[in-house]
Amino acid sequence: MSPASCSWFLRSPVKVGVFAVIMVFSMLVAADLVVPGVIENAYGGNGPKKLNQFFETRRDRHSLGHYLLLWTNFRNACTIASAAFLAVLIIIDRCIECRRMRWFLVPFSAAFLGMTVLWGPRQDYVAHLKIWEETNAGRDPWWIQPDSGIVLNAYGPLFEAFAPLVRINPLVPKILFATAFLIYAVFTSKSAEDHATCDRRKFWLTGVWLANPFFWLEIAFYGHFDIIASLFALGAIVALNRSGAILAGTLLGLGFLLKFVPIVLLPFLAFENRGRLRSNGRLIASFIGTMIAGMAFAWGFWGDSIFRPLSFVSTRGSSLLSVWRYLKGPHSPLVWSGFPARDFDGFATPALILALAAIWLILMRRRTEYAHACLCALLGTVLFYRVGFVQYQMFPFLIMPYWYSKHRETVDTDRGIRFALIAYVAWIVGFDLFDNAVGGIVGHGRAWAWVEDWSGLPNFVMGMTLLTKLLRMSTIVDEPSSSANRSHFG
């Protein structure tokens with residue numbers, strides 16, 4: 001290749017990405033000719049010393065076929081991730097004009113998908129595989145575990161739609177979640193470019209936001225599917241802002257069928273105040289229709305067991321970042337006052353409903369636009385819900401860039417909002433990193449289990465500070481058809 005053609009090639013990050021995929025495919029083909037033989041020899045004690053030692057303590061656990069299957073699954077997962085990367089490259093090529101942003105997105109996407117495969121199944125994703133195994137076998141995916149007496153599957157019926165993908169490869173759903181995030185990243189990145197040029201400040205803000213450890217941990221490492229439910233919620237907001245009420249209701253219904261949480265957005269999207277309160281009948285009808293159709297279809301397959309997760313999510317105990325977990329712990333204000341600790345979990349659901357009702361009333365009075373209203377609603381939900389798992393923060397986190405695109409001037413001139421926003425995001429990201437670094441804090445006998453007794457307090461204080469700042473913002477509702485209401489998402 002001549003210097004001139006090499007320079008032309010390197011000027012295009014998409015071409016470099018395609019070349020990298022070709023190299024990966026070539027290496028996988030070459031490795032497949034060698035690796036199975038190496039595994040077979042090492043399993044029999046005739047391979048490299050380190051591999052021989054590895055298999056010495058594992059021969060009694062699994063057969064040779066098990067380890068050969070692991071290699072086959074890994075090879076196929078790499079191939080599927082490479083194909084997903086090609087799809088993302090096509091989207092980058094068609095949507096992003098700024099060369100600087102392209103050079104960020106191409107290696108970022110490659111690294112994200114690569115680590116998604118290398119990190120493999122972990123934590124909840126292992127439980128997901130068990131659930132999908134039950135689904136593929138034609139059994140009840142909402143079975144009650146005999147040892148704990150609880151439902152392992154706390155998700156909606158649409159979650160079972162991922163089950164057939166596992167038959168292709170165990171990591172296909174996880175790769176799908178990562179790809180969905182990368183497509184979201186491409187459209188979010190469009191806010192940082194103006195045709196072929198990039199606003200340097202927007203570029204760095206976008207890059208830092210997308211590269212923050214939260215997304216890497218929750219999607220690439222753990223493989224949490226909250227990204228899909230959050231995209232349904234974001235899609236509903238964007239669709240409604242483009243006068244697509246039926247599509248918005250359908251997306252919201254799909255989000256409910258996947259993970260229930262998006263239902264809290266219904267009153268914030270279905271009603272608006274333009275001098276008088278008006279409801280959006282088409283959105284409400286499409287949401288109810290989608291929800292009933294999905295539940296009825298699932299009921300035809302699995303019967304009344306589809307309702308078990310609804311009961312479970314409303315009665316499960318408080319944990320981790322939940323303020324209710326803090327209130328029943330040894331550092332509760334009751335204990336400080338000399339009273340015995342008390343379990344307040346029974347008040348969690350009524351308190352959540354009252355909090356959302358108060359937020360709705362405040363925002364209706366202020367005639368708040370949809371993105372702002374939904375961010376407040378989701379933030380209120382994660383603050384008052386009894387279960388404080390970090391992955392639930394995916395819902396407000398995913399909406400924040402879209403919300404910021406609509407309120408950039410207000411945020412940039414209000415130090416209080418900026419400080420509260422940065423502090424809350426930094427807290428969540430920092431806590432996620434800490435929880436991962438110590439191997440998790442939830443569970444008896446863990447060295448850092450005492451942190452769970454405290455974590456709900458700073459989370460609630462910082463979250464409520466941000467929510468209060470957001471509620472005090474003056475945010476007049478936009479006309480759905482106005483150009484001011486359009487963003488890089490649509």
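The values are calculated or read from the model by the stated rules, or taken from the named source; none is laboratory data. Here the structure is a predicted model, which means the values were calculated and not measured. Don't worry about glycine lacking a Cβ; one is built from the backbone with ideal geometry, like all the others, and counts go over all protein chains shown.
Can you tell me which residue among ALA154, ALA180 is in contact with a helix residue (DSSP H, G or I) (Cβ under 6 Å, 6 or more places away or on another chain) and outside any helix (DSSP H, G or I)?
Values: ALA180 fails: outside any helix (DSSP H, G or I).
Criteria check complete, one pass: ALA154.
Return the pair list, or none, for Cβ contacts closer than 6 Å from residues in region 413-427 that are over 13 Å from LYS469 (Cα atoms) to residues that are among the aliphatic types (A, V, I, L, M), at least 6 apart or on different chains.
So the pair list comes out as TRP427/MET462.
In this structure, does THR315 turn out to be out of contact with any Pro (no Cβ under 9 Å at 6 or more places or on another chain), of a type in the set (Val, Ile, Thr) and within 13 Å of LEU158 (Cα to Cα)?
So THR315 does not fit the description; no.
Looking only at region 42-60, which residues are loosely packed, with under 15 Cβ neighbours inside 10 Å and more than 24 Å from VAL117 (Cα to Cα)?
If the condition is that a residue be loosely packed, with under 15 Cβ neighbours inside 10 Å and more than 24 Å from VAL117 (Cα to Cα), then GLY44, GLY45, ASN46, PRO48, LYS49, GLN53, GLU56, THR57, ARG59, ASP60 are the ones that fit.
Of everything in region 23-70, what is among the aromatic types (Phe, Trp, Tyr), more than 24 Å from SER82 (Cβ to Cβ) and either touching a strand residue (DSSP E or B) at 6+ places or on another chain (Cβ under 8 Å) or in contact (Cβ under 8 Å) with a residue 24 or more places away in the chain (or both)? Give them in sequence order.
Correct list: TYR43 only.
In region 90-119, what count of residues is obtained for those that are within 16 Å of LYS174 (Cβ to Cβ), of a type outside the set (A, V, I, L, M, F, W, C) and either touching a Gly at 6+ places or on another chain (Cβ under 9 Å) or crowded, with 23+ Cβ neighbours inside 10 Å (or both)?
Adding up the residues that qualify gives 2.
Restricting attention to region 108-157, which residues are farther than 29 Å from VAL186 by Cα, at pLDDT 90 or above, charged (D, E, K, R) and out of contact with any Leu (no Cβ under 8 Å at 6 or more places or on another chain)?
Scanning region 108-157 gives GLU133, GLU134, ARG139, ASP140.
The rows are residues; the columns are (1) at positive phi; (2) surrounded by 21 or more Cβ atoms within 10 Å (Cβ to Cβ).
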residue	(1), (2)
ASN212	no, no
GLY223	yes, yes
ASN241	no, yes
VAL261	no, yes
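Residues being among the aliphatic types (A, V, I, L, M), out of contact with any strand residue (DSSP E or B) (no Cβ under 8 Å at 6 or more places or on another chain) and farther than 15 Å from PRO157 by Cβ: count how many of those fall in region 262-301. Full working, then the answer.
So the first thing to find is which residues in region 262-301 are among the aliphatic types (A, V, I, L, M), and the list is 263-266, 269-270, 277, 283-285, 288, 291-293, 295-296, 298.
Those still in the list that are out of contact with any strand residue (DSSP E or B) (no Cβ under 8 Å at 6 or more places or on another chain) too: 263-266, 269, 283-285, 288, 291-293, 295-296, 298.
Subsequent filtering for residues that are farther than 15 Å from PRO157 by Cβ retains 264-266, 269, 283-285, 288.
Residues that pass the stated criteria total 8.
Consider only pairs whose beta carbons are under 9 Å apart and that are at least six residues apart or on different chains; among these, list those whose first residue lies in region 229-244 and is farther than 22 Å from LEU176 by Cα and modelled with pLDDT under 95 and whose second residue is of a type in the set (D, E, K, R) and not in a helix (DSSP H, G or I).
As it stands, the answer is ASN241/GLU369; ASN241/ASP478; ASN241/ARG486; ARG242/ARG486, since those pairs meet every condition given.
Output the residue which, of all residues in region 274-315 that are basic (Lys, Arg) and part of a helix (DSSP H, G or I), is nearest to LEU240 (Cα to Cα).
Narrowing region 274-315 to residues basic (Lys, Arg): 274, 276, 278, 282, 308.
Next, only the ones that are part of a helix (DSSP H, G or I) stay: 282, 308.
Values: ARG282: 11, ARG308: 32 Å.
It comes out as ARG282.
Kindly check whether there is at least one residue in region 419-427 that is crowded, with 18+ Cβ neighbours inside 10 Å, over 27 Å from LEU327 (Cβ atoms) and out of contact with any Cys (no Cβ under 8 Å at 6 or more places or on another chain).
No; the residues of region 419-427 include none that is crowded, with 18+ Cβ neighbours inside 10 Å, over 27 Å from LEU327 (Cβ atoms) and out of contact with any Cys (no Cβ under 8 Å at 6 or more places or on another chain).
Does ARG308 satisfy the condition of being over 25 Å from ASP140 (Cβ atoms), among the basic types (Lys, Arg) and more than 16 Å from the chain's Cα centre (by Cα)? Write out each step before concluding.
Numbers: over 25 Å from ASP140 (Cβ atoms): no; among the basic types (Lys, Arg): yes; more than 16 Å from the chain's Cα centre (by Cα): yes.
Against the criterion (over 25 Å from ASP140 (Cβ atoms), among the basic types (Lys, Arg) and more than 16 Å from the chain's Cα centre (by Cα)), ARG308 does not qualify.
For region 122-139, check the following and say yes or no: at least one residue is in a loop (DSSP other than H, G, I, E, B), touching a residue at least 60 places away in the same chain (Cβ under 8 Å) and in contact with a helix residue (DSSP H, G or I) (Cβ under 7 Å, 6 or more places away or on another chain).
For region 122-139, residues in a loop (DSSP other than H, G, I, E, B), touching a residue at least 60 places away in the same chain (Cβ under 8 Å) and in contact with a helix residue (DSSP H, G or I) (Cβ under 7 Å, 6 or more places away or on another chain): present.
Regarding ALA341, is this residue free of Cβ contacts under 8 Å to residues at least 40 places away in the same chain, surrounded by fewer than 15 Cβ atoms within 10 Å (Cβ to Cβ) and not in a helix (DSSP H, G or I)?
On the way: free of Cβ contacts under 8 Å to residues at least 40 places away in the same chain: yes; surrounded by fewer than 15 Cβ atoms within 10 Å (Cβ to Cβ): yes; not in a helix (DSSP H, G or I): yes.
Yes, satisfied.
Filter region 348-362 for residues that are among the hydrophobic types (A, V, I, L, M, F, W, C) and surrounded by 14 or more Cβ atoms within 10 Å (Cβ to Cβ); which is farthest from LEU269 (Cα to Cα)?
In this case the residue turns out to be ALA348.
Out of LEU352, LEU378, I need the residue that is modelled with pLDDT of 95 or more, within 23 Å of the chain's Cα centre (by Cα), assigned to a helix (DSSP H, G or I) and over 30 Å from SER191 (Cα atoms). Which one?
LEU352
So GLY329 passes all but one of these: (1) closer than 17 Å to ILE263 by Cβ; (2) surrounded by 18 or more Cβ atoms within 10 Å (Cβ to Cβ); (3) not aromatic (Phe, Trp, Tyr). Which condition number does it fail?
(1)
Out of everything in region 431-448 that is more than 14 Å from PHE389 (Cα to Cα) and either exposed (fewer than 14 other Cβ atoms within 10 Å of the Cβ) or in contact with a Leu (Cβ under 9 Å, 6 or more places away or on another chain) (or both), what residue ends up being modelled with the lowest pLDDT? If you could, list the steps in order and put the result at the bottom.
If we filter region 431-448 for residues that are more than 14 Å from PHE389 (Cα to Cα), which is where we start, we get 437-439, 444-448.
Filter again for either exposed (fewer than 14 other Cβ atoms within 10 Å of the Cβ) or in contact with a Leu (Cβ under 9 Å, 6 or more places away or on another chain) (or both), leaving 437-439, 444-445, 447.
Numbers: ALA437: 94, VAL438: 92, GLY439: 89, HIS444: 71, GLY445: 74, ALA447: 85.
Ranking the candidates gives HIS444 first.
Say we look at region 430-453 and pick out the residues that are over 20 Å from the mean Cα position of the chain (by Cα) and part of a helix (DSSP H, G or I); which of these is nearest to LYS328 (Cα to Cα)?
Out of the qualifying residues, it is ASP453.
Yes or no: ILE168 touching a Phe, Trp or Tyr at 6+ places or on another chain (Cβ under 8 Å) and of a type in the set (Val, Ile, Thr)?
Numbers: touching a Phe, Trp or Tyr at 6+ places or on another chain (Cβ under 8 Å): no; of a type in the set (Val, Ile, Thr): yes.
No, not satisfied.
Out of everything in region 316-338 that is in contact with a Lys or Arg (Cβ under 7 Å, 6 or more places away or on another chain) and either in a helix (DSSP H, G or I) or aromatic (Phe, Trp, Tyr) (or both), what residue ends up being nearest to GLN145 (Cα to Cα)?
Once the filter is applied, the top-ranked residue is TRP324.
Of the conditions (1) at pLDDT below 90; (2) closer than 22 Å to PHE256 by Cα; (3) surrounded by fewer than 13 Cβ atoms within 10 Å (Cβ to Cβ), PHE312 satisfies every one except a single condition; which number is it?
Checking PHE312 against (1) at pLDDT below 90; (2) closer than 22 Å to PHE256 by Cα; (3) surrounded by fewer than 13 Cβ atoms within 10 Å (Cβ to Cβ), the one that fails is (3).
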